[in-house]
Amino acid sequence: MIAAFLMACASNGWAAELCPRTDLSTEWSEKCFQAQGAVRKVKDQFVDRLRSGGGATRILVSETRELLAIDRHGRVILPNIAYTGDFDLPNPDGIGRFASVTSLKHGTKTQCGYFREENFKIIVAAQFDYCEAFVDGTAQACVDCVAYCDDEECHGKTLVGGRGVELDTEGKIRRRFDLPNVDAVCGQSGGAHIEKLINGMAMLHCSTKKSGPFDRLR
């Protein structure tokens, strides 16, 4: 009996440290979550640690630094919320970005979308390969495209290839456009070079470089 009591105390101590009440800390371990089919959720024994006031709670996963939005039942309603950019959380237009990872036969595919920060409601489903943050009421996103950093700190990006859209804060498409290929961005003189960066991104070096539709966001 004493051994069982000590084990229960140790388990409670572990839970308090890794899955604390969210009014005390919003950083949790991945061990606090489980998958039920296609649904990712908080393990049942930790749901009562959510302090959301009936709404959603934001939790940062300590191991992966992934930011999640979780409803009062413990279900993950938004994965991979962007929070490190200059216009992320809070965004001046009240619109955040998130990404969803889909398992494929050979590897995975990551796509991004947008949500309303006040209630975590998705306004654009995860369907793009790259999403810019909202600025002055609009945002641009693209499919079949590659985002290249303009410097080692990735302060600005150049979008190459594929098709782009401009969205409004209701999630509606205001216009569509084609993105340039590398030759159109750098010229056809063979002056393009791609450098892999330690942050997992890539930087595009051009001997000469033309302006593109995303340049206004730098």
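The values are calculated or read from the model by the stated rules, or taken from the named source; none is laboratory data. Note that the structure is a prediction, hence the values are computed from the model and not measured. In this analysis, Cβ positions are derived from the backbone assuming ideal geometry, glycine residues included, and neighbour counts consider all displayed protein chains. Note: accessible area is taken over every heavy atom of the protein model, side chains too, but ligands, DNA and RNA are not part of it. Shrake-Rupley method; radii C 1.70, N 1.55, O 1.52, S 1.80 Å.
Out of 118, 152, one residue alone is assigned to a loop (DSSP other than H, G, I, E, B), open to solvent by 30 Å² or more (accessible area, probe 1.4 Å) and either under 30 Å from residue 57 (Cβ atoms) or in contact with a helix residue (DSSP H, G or I) (Cβ under 8 Å, 6 or more places away or on another chain) (or both). It is 118.
For the range 25-52, what are the residues that are more than 14 Å from residue 75 (Cα to Cα) and either in contact (Cβ under 8 Å) with a residue 40 or more places away in the chain or of a type in the set (A, V, I, L, M, F, W, C) (or both)? Listed by number, the list holds a single entry, 28.
Condition check ((1) without any contact (Cβ under 8 Å) to a residue 24 or more places away in the chain; (2) open to solvent by 10 Å² or more (accessible area, probe 1.4 Å); (3) closer than 20 Å to residue 90 by Cα) across all residues:
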{"site": "140", "(1), (2), (3)": "no, no, yes"}
{"site": "143", "(1), (2), (3)": "yes, yes, no"}
{"site": "147", "(1), (2), (3)": "no, yes, no"}
{"site": "172", "(1), (2), (3)": "yes, yes, no"}
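In this structure, residue 38 does not satisfy being hydrophobic (A, V, I, L, M, F, W, C) and modelled with pLDDT of 95 or more. A Cβ distance below 8 Å, combined with a sequence gap of six or more or placement on separate chains, defines the contacts here; from the range 53-78, residues that are at positive phi reach residues that are surrounded by fewer than 16 Cβ atoms within 10 Å (Cβ to Cβ) and part of a loop (DSSP other than H, G, I, E, B) in the pairs 54/72; 74/43.
Among the residues here, residue 166 does not qualify as in contact (Cβ under 8 Å) with a residue 12 or more places away in the chain, open to solvent by 40 Å² or more (accessible area, probe 1.4 Å) and acidic (Asp, Glu).
Evaluated against (1) open to solvent by 50 Å² or more (accessible area, probe 1.4 Å); (2) aliphatic (A, V, I, L, M); (3) over 25 Å from residue 76 (Cβ atoms), residue 104 falls short on exactly one condition, (3). Here 120, 134, 128 are screened, and the one residue that is of a type in the set (A, V, I, L, M, F, W, C) and on the phi > 0 side of the Ramachandran plot is 120. Confirm whether residue 98 is surrounded by 14 or more Cβ atoms within 10 Å (Cβ to Cβ), at pLDDT 95 or above and more than 25 Å from residue 153 (Cα to Cα). Taking the combined requirement at face value, the residue does not satisfy it.
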